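Visitor: There's a structure below that I have some questions on.
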Amino acid sequence: MSNKKLPKWFKGELYEEGDTVKNRFSGEEYKLTGAELSMYDFIIGSQLVMEMAPRMVEPRQIADFQKGLDWFRTHNAKAYMVLLD
């Protein structure tokens, strides 16, 4: 697991502690650090907004979502594969 800091563009909530997250489709679980959990919540939240109100999504939001996926993939590839791939 990685304790890397979040990028400067990240405007979401930063969790001090990590937690175990379950993939909502497969049921597989993975323990995340506080930073990873913060980014995971940002990614899932962004995904929900894009699905529920696609016409209201701005290009910057899509770019930030993609940057979040890239950050997560780079900092914890195993968790990415279990939770987001």
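Visitor: Across segment 46-62, what is the number of residues that are out of contact with any Gly (no Cβ under 8 Å at 6 or more places or on another chain) and surrounded by 12 or more Cβ atoms within 10 Å (Cβ to Cβ)? Even if it seems obvious, please write down each step before you answer.
Guide: Let us first name the residues in segment 46-62 that are out of contact with any Gly (no Cβ under 8 Å at 6 or more places or on another chain), namely 47-62.
Among the residues that remain, those that are also surrounded by 12 or more Cβ atoms within 10 Å (Cβ to Cβ) are: 47, 49-50, 57, 61-62.
Going through segment 46-62 one residue at a time, the tally reaches 6.
Visitor: Additional query: Mind checking which helices (runs of 4 or more DSSP H) fall wholly inside the chain and carry at least 3 residues that are of a type in the set (Gly, Ala, Ser)?
Guide: Details: elements: 34-52, 59-75, 77-83.
The helices (runs of 4 or more DSSP H) meeting that bar are 34-52.
Residue-wise test of (1) of a type outside the set (D, E, K, R); (2) modelled with pLDDT under 95; (3) loosely packed, with under 12 Cβ neighbours inside 10 Å; (4) farther than 20 Å from residue 11 by Cβ.
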position: 24; (1), (2), (3), (4): no, yes, yes, yes
position: 31; (1), (2), (3), (4): no, no, no, yes
position: 44; (1), (2), (3), (4): yes, no, no, no
position: 64; (1), (2), (3), (4): no, no, no, no
position: 70; (1), (2), (3), (4): no, no, no, no
position: 79; (1), (2), (3), (4): yes, no, no, yes
position: 82; (1), (2), (3), (4): yes, no, no, yes
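Visitor: Also: Can you find a residue in segment 4-17 that is hydrophobic (A, V, I, L, M, F, W, C), over 13 Å from residue 72 (Cα atoms) and surrounded by 12 or more Cβ atoms within 10 Å (Cβ to Cβ)?
Guide: Within segment 4-17, one or more residues are hydrophobic (A, V, I, L, M, F, W, C), over 13 Å from residue 72 (Cα atoms) and surrounded by 12 or more Cβ atoms within 10 Å (Cβ to Cβ).
The values are calculated or read from the model by the stated rules, or taken from the named source; none is laboratory data. Everything quoted here is computed from the prediction, not taken from an experiment. Cβ: placed from backbone, ideal geometry, glycine included. Neighbour counts: every protein chain shown.
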